[in-house]
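What follows is a set of notes on a single structure, which appears directly below.
The values are calculated or read from the model by the stated rules, or taken from the named source; none is laboratory data. Keep in mind that this is a model prediction, so the values were computed, not measured. Positions of Cβ are backbone-derived with ideal geometry, glycine not excepted, and every protein chain shown enters the neighbour counts.
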Amino acid sequence: MVAACLLIATGVAGKSAEMTESDCAAMLRALADEDALRVFAQLVVATGTGSPKHSAGSITIQYVTAHGLARHTGLPVNVVLDVLKRLTDAGLTIEKDGGGGWRTDFAALRRAAYREPVMVADAPGGERDS
């Protein structure tokens with residue numbers, strides 16, 4: 001049994017926040033539905049780890065839309081949106097500022113699995129540390 005795991009808190013630079021055992025279980029519960037697992041798998045295929053990519057002096061972050069996920073999973077858009085909300089609430093995905101796009105938060109999943117301490121990123125918009 002996992003005693004505790006740590007997850008990043010957003011919005012307060014330099015602070016860490018403890019994720020409780022029940023919060024870790026929420027990540028698993030979010031994936032324990034066939035539709036959610038299909039959406040998350042396709043999200044990982046489309047966005048990789050969700051980490052920023054550095055190339056030629058620029059930084060890019062890959063996002064995918066609910067319509068794109070619906071097209072690739074064969075699920076209706078409203079089902080995909082419901083799944084994305086649950087995955088985001090559980091800390092497995094990050095919604096783009098202003099909405100309309102999502103990416104994997106593989107770093108949060110890894111931190112939950114290995115109980116690594118994390119710090120809030122100083123990035124604009126409260127982005128999570130990678």
Exercise. Would region 21-32 turn up any residue that is more than 30 Å from residue 73 (Cβ to Cβ), surrounded by fewer than 15 Cβ atoms within 10 Å (Cβ to Cβ), out of contact with any Ser or Thr (no Cβ under 7 Å at 6 or more places or on another chain) and at pLDDT below 85?
Worked result: yes
Seminar exercise, completed: (1) under 16 Å from the mean Cα position of the chain (by Cα); (2) at pLDDT 95 or above; (3) not hydroxyl-bearing (Ser, Thr, Tyr) all hold for residue 77 apart from (1)
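Within region 62-90, work out how many residues are touching a strand residue (DSSP E or B) at 6+ places or on another chain (Cβ under 7 Å) and either among the polar types (S, T, N, Q) or in a helix (DSSP H, G or I) (or both).
Taking region 62-90 and keeping what is touching a strand residue (DSSP E or B) at 6+ places or on another chain (Cβ under 7 Å), we get 62-64, 84, 87-88.
Filter once more, so that each one left must be either among the polar types (S, T, N, Q) or in a helix (DSSP H, G or I) (or both): 62, 84, 87-88.
Within region 62-90, residues that are touching a strand residue (DSSP E or B) at 6+ places or on another chain (Cβ under 7 Å) and either among the polar types (S, T, N, Q) or in a helix (DSSP H, G or I) (or both) number 4.
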Exercise. Of the residues in region 82-117, how many are in contact with a helix residue (DSSP H, G or I) (Cβ under 6 Å, 6 or more places away or on another chain) and surrounded by fewer than 17 Cβ atoms within 10 Å (Cβ to Cβ)?
Worked result: 2
